[in-house]
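Okay, so here's the structure we're looking at.
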Amino acid sequence: MPGSHPDSRPTFYLLEYSWRTEDELRVQNAYAAHRSHLDALGTGGGLWLIGTLEASDGTDVVAIFRDRTAAEEFVATDPLFTNELATSRPIREWQPLQYDA
């Protein structure tokens, strides 16, 4: 993995993005292309996890990427961003401490 924490934790890249409730119909119309894009990133190894969070004014999403380039390319090329439906926070490094159950 690119970069690592001093105690050998892997580095991932966290992206938070959202869309507003009033854009929901447009998001639904773009969803098939968005999902296809996600699937390509996931099977290609760049995207590790993604999921929605509860939000009062729309939908919030957290995506975890295995490298910064994949996260940057996602924001630059995903239909939700290219159609100006989603906005994102800056990409952040994330170095989780993992416990095996």
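Rule-based calculations on the coordinates, nothing more; no lab input. What you see is a predicted model, and the numbers here were worked out from it, not measured in a lab. Glycine gets a Cβ as well: all are built from the backbone with ideal geometry, and neighbour counts include every protein chain shown.
At most 13 other Cβ atoms within 10 Å plus a DSSP loop assignment makes a site exposed; report the longest stretch of the chain without any exposed GluC sites (Glu not before Pro). Let's see the in-between values first.
On the way: sites that count: Glu54, Glu84.
With a cap of 13 other Cβ atoms within 10 Å, the longest stretch comes to 1-53.
Dipole magnitude of region 12-94 about its Cα centre, charges +1 at Lys/Arg Cβ and -1 at Asp/Glu Cβ only, in debye to the nearest 20?
Working: 7 positive and 14 negative charges, 42 e Å.
The dipole magnitude comes to about 200 debye.
Normalising by the residue count of region 12-94, find the relative contact order in percent from Cα pairs under 8 Å and 6+ residues apart.
Value for region 12-94: 50 percent.
Counting Lys and Arg as +1 and Asp and Glu as -1, what is the net charge of the other residues whose Cβ lies under 10 Å from the Cβ of Gly45? Don't skip to the end; give the middle numbers.
On the way: positive: Arg66; negative: Asp67.
Summing Lys/Arg as +1 and Asp/Glu as -1 gives 0.
Using alpha carbons only, how many degrees (0 to 90, rounded to 10) separate the axis of helix 68-77 from the longest principal axis of the chain?
Its long axis makes an angle of about 10 degrees.
7 Å from Cα along Cα→Cβ at both Thr77 and Arg26: what's the point-to-point distance in nm?
Rounded to a tenth, the inter-label distance reads 2.3 nm.
Region 17-101: which chymotrypsin sites (Phe, Trp or Tyr not before Pro) are DSSP loop and have at most 11 other beta-carbon atoms within 10 angstrom?
On the way: sites: Tyr17, Trp19, Tyr31, Trp48, Phe65, Phe74, Phe81, Trp94, Tyr99; in loops: Tyr99.
Those satisfying the criteria are Tyr99.
Zone of Ser8 (label point 7 Å along Cα→Cβ, backbone N under 16 Å): which residues in region 68-101?
Residues 96-100 qualify, since their backbone N sits under 16 Å from the label point.
Convex hull volume of the Cα atoms in region 12-94, per residue, in Å³? Please list the in-between numbers first.
On the way: hull volume 6.6 nm³, N = 83.
Cα convex hull per residue, to the nearest whole number: 80 Å³.
What do you get for the angle between helix 24-44 and the principal long axis of the chain? Use alpha-carbon atoms, 0 to 90 degrees, nearest ten.
In the chain, helix 24-44 runs at an angle near 30 degrees to the longest axis.
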